[in-house]
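The values are calculated or read from the model by the stated rules, or taken from the named source; none is laboratory data. Computed from a predicted model, the values in this text were never measured in an experiment. All Cβ positions, glycine included, derive from the backbone under ideal geometry; neighbour counts span all protein chains shown. The protein model used for the area step is the full one, side chains on, heavy atoms only, and it has no ligands, DNA or RNA in it. Shrake-Rupley method; radii C 1.70, N 1.55, O 1.52, S 1.80 Å.
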Amino acid sequence: LAGGVSLRLAAESEAALLGPGRVRLLRGAVYADTGAAAGAPIEVETPAGIVRDFGTQFELRLEGTALRVRVREGVVIVERGSERFVADPGEELRIDAAGRLRRGAVAPDSPDWRWIEALAPPPSIDGRPVTVLLEWVARETGRTLRYRDDAARLRAAMRLAGGATG
């Protein structure tokens, strides 16, 4: 989407683009990644409320008339009438049809995120440092990138030559 926002729909999902940064989720699940797109928030309308993000990676899933929100990074606010619920990184909100809220935890590298990894657009790495690929993999899988030592970090920062992968 505009501004570098990545929006991914799960199988059997239905959504409508309402305008720049505005989506209506009608059924299924949507994953949004606005964290790498500075200044490009997204608003998702659902039957269970309106969801707004602040530099995030998050998933929304409609389960009938209930809503599940999972936040990988950043902050998500769910507005339901006069109620406001805030979800932080690693947090899951479940709002049932009656508006009752349950909070839980979800790890950034949980298997629950795997469906979005399969839909991730690959980075352009030709002629770029290996760090570009490593950072992309870490971000898309919710893992933390760590180098064994400074020498390994420096080797990874070297530019790849013409399609080389290592």
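Computed values, structure above
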read-out	value
Residue match in region 106-114 (condition: open to solvent by 50 Å² or more (accessible area, probe 1.4 Å) and more than 25 Å from residue 41 (Cα to Cα))	yes
Flag for residue 3 being of a type outside the set (Val, Ile, Thr), crowded, with 17+ Cβ neighbours inside 10 Å and not in a strand (DSSP E or B)	no
Which numbered condition residue 116 fails, given (1) under 30 Å from residue 13 (Cβ atoms); (2) in a helix (DSSP H, G or I); (3) without any contact (Cβ under 8 Å) to a residue 60 or more places away in the chain	(3)
